[in-house]
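The values are calculated or read from the model by the stated rules, or taken from the named source; none is laboratory data. These figures come from a predicted structure and were not determined experimentally. Backbone-built Cβ (ideal geometry, glycine too); neighbour counts: all protein chains shown. Note: accessible area is taken over every heavy atom of the protein model, side chains too, but ligands, DNA and RNA are not part of it. Shrake-Rupley method; radii C 1.70, N 1.55, O 1.52, S 1.80 Å.
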Amino acid sequence: MMELKIQLIPTGEIILSPGMNGENFCHGCKVVASEGVRAMMESALTARDRVGVQDFVLLENYTSEAAFIENLRKRFKENLIYTYIGSVLVSVNPYKELEIYNKNHMERYRGVNFYEVSPHIYAVADNSYRSMRTERKDQCILISGESGAGKTEASKKILQYYAITCPASEHVQTIKDRLLQSNPVLEAFGNAKTLRNDNSSRFGKYMDIQFDFKGAPVGGHIINYLLEKSRVVHQNHGERNFHIFYQLIEGGEEDLLRRLGLERNPQQYQYLVKGNCPKVSSINDRSDWKMVRKALTVIGFNDDEVEELLNIIASVLHLGNVQYGGEEGSACITSDTQIKYLARLLGVNGAVLTEALTHKKITAKGEELTSPLNLDQASSARDALSKAVYGRTFTWLVNKINCSLANKWEPVQYFNNKIICDLVEEKFKGIISILDEECLRPGDASDMTFLEKLEDTLGGHPHFVTHKLADGKTRKVMGRDEFRLQHYAGDVNYNVNGFLDKNNDLLFRNLKEVMCMSENSILTQCFDKEELSDKKRPETAATQFKTSLAKLMEILMSKEPSYVRCIKPNDSKQSGRFDEVLIRHQVKYLGLMENLRVRRAGFAYRRRYEVFLQRYKSLCPATWPNWQGKLSDGVSTLVKHLGYKPEEYKMGRSDVLLWLLCAEDSVFLTSIFSFFQPYRSKIFIRFPKTLFATEDALETRKHGLATKLQAGWKGYSQKSKYQKLRSSAIAIQAWWRGVLARRRAKRRRQAADTIRRFIKGFINRHKERCPENEYFLDYVRYSFLTNLRKNLPKNVLDKSWPTPPAALTEASELLRKMCMQNMVWSYCKKISPEWKHQLEQKMIASEIFKDKKDNYPQSVPKLFLNTRLSGENINPKVLQALGSERMKYAVPVTKYDRKGYKARTRQLLLTANSAIIVEEGKLKQRIDYGALKGISVSSLSDGLFVLHVPSDDNKQKGDVVLQSEHVIETLTKIAICADKINNINISQGSIQFIVGQGKEGVIDFTAGSELLVTKAKNGHLSVTAPRLNSR
């Protein structure tokens, strides 16, 4: 069964998924691909209100900057960061990862016409590559935009595309790997965090990739332009030095850092603290260090070269920590610690280096003189050496990478081309010339004298303004130390402070001599001894920039260009944020509106006949479903039916070649014919609205076509499905009837056999086990066990148990005991230590009082407490008198005097050794457990009890009569503490006790309606207590 699937991929492109045989195609369509047919740019036009148009050329109001920016906004909101202006690619930095750069996407753009897929950096890369192969012309891709717009990432994506899609052999794969791995190395040594970009390239880079006749990359060459050496010694607040310094400190192994004399703390180095930004959340220096070390190996660096390279990097950090002191006019180095490290790392003599860092050589009349440096001059000399060492090492590094990429590289000679504006570079009168002249002239030259000279020389230039030359309104926004260049994209102000210092790129001669004597093989290549014999003054930074830019333009002018314009959506590096003011400024200075107007001067849309006809043929009855004639006739019929006006479109024609028919040079004729051939087979549409109307009509037509196709297909598929289901149902029903019949017969036979065996067993149930009754006996056993399983006792108090058959009596008893043991074990396992202690007390109480004391049943459900008196209820003097004795139980009691039986409120305290009766803060009586003879209590519900003590004990005054509301709990506690469980006497009628001095007292107990304790006429203590339980 065939199925049509449509997929929308993250680039905004719509593709048709492959069919049963791995191919997708339409009748008359020449585009066939195993991964699906790519629907062209027109597919996205129906969603233009939401996602904008993929080519700005298709904007109806193409002269409106607001419409241009709104289209950018729509696409940016939908994560569609690429848009065309004809063949120019506009890229907006998304500041997040997008799933549009994997290998599947690369294959989707490989070898496909530029406009047949949605805009992408891969489309530009592939188009340049195919143009190079088919046209045999060198190509270049120019990526422009401000810092943070994504230029570096765009160049990476292009390299990755070539590495994956180009043909490869073992040698070619090595070149590919080195091309890719050159990026992290160059970024580590040439990129840094700035206020606008966490990975800003601080040097210009031109990368040339060479391909063989098969289209495989076989070599490459990198040219670097003007590394920002000043960043080595100074960074603005919030910025960092070059990445490699932080990567080395953060990721370097402990042995490596120890060998280089470095600490794992960037705050220890003067060259790394000026920006006050050692850590960046978006940068993982440790991970980047591992990547750089791996990349150096892939590129071809051996261990010695890596070691010497890292020695130089470490030496720059040590140079920054060289501190100066000394008297006025003569600087000296305050500590030789850094000099020792520098001498070892750079391979130079420490004393010679110290001399060079504090003195300079002056040649006068052929004689060399040594002059001491003051503090400022010495610091400048140190910084100049640091910049020179790092800058030349970076140049060496680029050359080393070029050697690893070289494939018989030969520099190409290019013709000169003047491109810099005369205002900047004109000889003798341009800004660069005036700056160089001011740097070279004797006297007190300063940044302000340079500005004054600019005003004198360029004061009448229409594009040059200073505070002095400006009108009153402009002076309010310009400083006195600024000048302004009025560019086509807007006004740019320059502050002259530091211009002369930055332009002078001087290194004292004696410092060069020291570096030329270095034993470090890299430094010997960076500092050529021939420099020492060259008497010419080194070029200034501005002159170097001018020369480098001219060389770059020479290279670019020799190649066919493709353009990528990168745009930064906001200054805060946030994904999803679209700063319209910032973007409008970039659109202006990148000249995108001018580019669009030039492109729209012709036709907004062009397509080959077969592609146009294949897409829109369903809109005309004459061309649907297939056109059998010439393609050009079919397109003419179609556009007439659609009502195109003559001024809205043009058909490619062959009239332009008629004048060549009489030409005698057939080779020339063939070449011209091949040049015009692509334009003869295309239709050109001038206005976007014409294309939009056609696309909207197609979208409407699709619904009608889809309805017809669905109706026909559903009818056919449902009929076929019904026929299959019917035949299948008949076969299944016949088979299933047979299965059911066989099952029923089998069950009947089994049932008859079971009944027969059961009846025989019942008849012979009282006989010994035999074949006739074994089934019945087994069934009886099984039934009992099944019943037992369902009716097991629920807890230890449940004594129920099913009655077993005679044959299982013994087994049933064993099972009952095992079940009870298991329940008891399970119950005990769940008991906590506290509850166990409670149960132990309850068991003792039961043993003493059960069926003996009338109020015992009421005490059973009540928990025994550890004490009935809290610490605050006991007088502190009592606690102090007890000392180290630990109180185990305390309860309020009523004590009856021996004379008159007057009731007194007391407290009974139990310790480990004695029972103590307390009156407020006094210990009235202490009864040692060893001296306690016994305890008497009545069988009624009263709470009186008597503690019997020896009559001959002089410490005691006689037996103690007490009353407690918790008599069961209190007596149980006393019995446990005193170990007198068997010494508690429960009397039925009366209790005799010793009053003192050999006299006896009697307590009479009688049952009554309420509790009453009084002294009887006979002198006895009379206790009346109600009965709570009948016995």
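Just a few scattered comments:
- Residues located in region 446-464, provided they are touching a helix residue (DSSP H, G or I) at 6+ places or on another chain (Cβ under 8 Å) and within 13 Å of ILE431 (Cβ to Cβ): PHE450, LYS453, LEU454, THR457, LEU458, HIS461, HIS463, PHE464
- Selection from region 70-81 of residues that are in contact with a strand residue (DSSP E or B) (Cβ under 8 Å, 6 or more places away or on another chain) and closer than 14 Å to GLU97 by Cα: PHE76, ILE81
- Members of region 923-973 found to be acidic (Asp, Glu), touching a residue at least 24 places away in the same chain (Cβ under 8 Å) and over 16 Å from GLN907 (Cβ atoms), listed by number: ASP942, ASP959
- Condition met for VAL172 (part of a helix (DSSP H, G or I) and modelled with pLDDT under 80): yes
- Residue within region 906-922 that is modelled with pLDDT of 90 or more, among the β-branched types (Val, Ile, Thr) and within 16 Å of VAL949 (Cβ to Cβ) present: yes
- Looking across region 623-650 at every residue that is modelled with pLDDT under 85 and more than 20 Å from LEU698 (Cβ to Cβ), the one that is surrounded by the fewest Cβ atoms within 10 Å (Cβ to Cβ) is identified as PRO646.
- Residues within region 686-704 that are modelled with pLDDT of 80 or more and either open to solvent by 30 Å² or more (accessible area, probe 1.4 Å) or not in a helix (DSSP H, G or I) (or both), tallied: 9
- Criterion (within 41 Å of the chain's Cα centre (by Cα) and either aromatic (Phe, Trp, Tyr) or farther than 17 Å from VAL514 by Cα (or both)) met by exactly one of ALA331, ALA314: ALA314
- Among the residues listed as MET823, MET887, MET843, the single one being closer than 20 Å to LYS980 by Cα and part of a helix (DSSP H, G or I): MET843
- One residue stands out in region 266-287 among those that are touching a helix residue (DSSP H, G or I) at 6+ places or on another chain (Cβ under 7 Å) and either open to solvent by 50 Å² or more (accessible area, probe 1.4 Å) or β-branched (Val, Ile, Thr) (or both): the one that is nearest to ALA188 (Cα to Cα), namely ARG286.
- Unique residue being open to solvent by 40 Å² or more (accessible area, probe 1.4 Å), modelled with pLDDT under 80 and among the basic types (Lys, Arg) when the list is ARG565, ARG599, ARG577: ARG599
- Qualifying residue in region 971-984 (condition: assigned to a strand (DSSP E or B), surrounded by fewer than 20 Cβ atoms within 10 Å (Cβ to Cβ) and of a type outside the set (A, V, I, L, M)): no
- Given (1) at pLDDT 85 or above; (2) assigned to a helix (DSSP H, G or I), number of the condition ALA163 does not satisfy: (1)
- Selected residue [in contact with a helix residue (DSSP H, G or I) (Cβ under 8 Å, 6 or more places away or on another chain) and assigned to a strand (DSSP E or B)] from LYS290, LYS294, LYS360: LYS360
- Residue count for region 196-224, restricted to those that are open to solvent by less than 40 Å² (accessible area, probe 1.4 Å), charged (D, E, K, R) and under 31 Å from the mean Cα position of the chain (by Cα): 1
- In this structure, ASP126 does not qualify as open to solvent by 20 Å² or more (accessible area, probe 1.4 Å) and more than 24 Å from LEU186 (Cα to Cα).
- The single condition among (1) within 26 Å of ASN399 (Cβ to Cβ); (2) free of Cβ contacts under 8 Å to residues at least 24 places away in the same chain that CYS166 does not satisfy is (2).
- Top-ranked residue of region 602-622 - restricted to ones that are touching a Phe, Trp or Tyr at 6+ places or on another chain (Cβ under 8 Å) and at pLDDT 85 or above, ranked as surrounded by the most Cβ atoms within 10 Å (Cβ to Cβ): LEU613
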